[in-house]
1. For the list (1) on the phi < 0 side of the Ramachandran plot; (2) part of a loop (DSSP other than H, G, I, E, B); (3) surrounded by 17 or more Cβ atoms within 10 Å (Cβ to Cβ), I need the number of the one condition that residue 74 fails.
2. Being part of a helix (DSSP H, G or I), surrounded by fewer than 15 Cβ atoms within 10 Å (Cβ to Cβ) and either in contact with a helix residue (DSSP H, G or I) (Cβ under 8 Å, 6 or more places away or on another chain) or modelled with pLDDT of 95 or more (or both) is the filter here, so list the residues in region 39-52 that pass it.
3. In this structure, does residue 56 turn out to be part of a helix (DSSP H, G or I), modelled with pLDDT of 90 or more, within 15 Å of the chain's Cα centre (by Cα) and closer than 20 Å to residue 88 by Cα?
4. Report the residue count in region 5-36 for those that are within 27 Å of residue 68 (Cα to Cα) and part of a loop (DSSP other than H, G, I, E, B).
5. Just to be sure I understand, how many residues within region 59-70 are assigned to a helix (DSSP H, G or I) and surrounded by fewer than 17 Cβ atoms within 10 Å (Cβ to Cβ)?
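The values are calculated or read from the model by the stated rules, or taken from the named source; none is laboratory data. Quick caveat: nothing in here was measured; it's all calculated off a predicted structure. Every residue, glycine as well, gets a Cβ built from its backbone with ideal geometry; the counts of neighbours run over all protein chains shown.
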């Protein structure tokens with residue numbers, strides 16, 4: 001989707017499921033039900049996974065702080081990004097960055 005590739009996340013924030021469904025031309029319920037049926041994951045889980053995967057790439061840039069990464073991905077509050085990252089990855093964003101530098 002264009003909002004993920006054009007820098008709109010930083011400007012407008014993370015889109016909600018209704019906005020994504022609207023861009024795809026389907027209802028929120030259809031999108032959620034189809035994703036759950038086909039993948040076993042909710043639409044929110046897919047969105048979170050996308051954001052975490054993107055953040056991993058951005059975290060590899062040592063010039064960007066964890067807060068920079070959070071804002072770039074549309075998070076209004078960097079601590080929320082850090083908590084979500086740690087919940088999904090089992091390590092903090094800064095810990096992930098350090099781990100990658102060691103390898």
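1. Answer for residue 74: the failing condition is (1).
2. Listed by number, the residues that qualify are 39, 44, 49, 50.
3. yes
4. 6
5. The total comes to 2.
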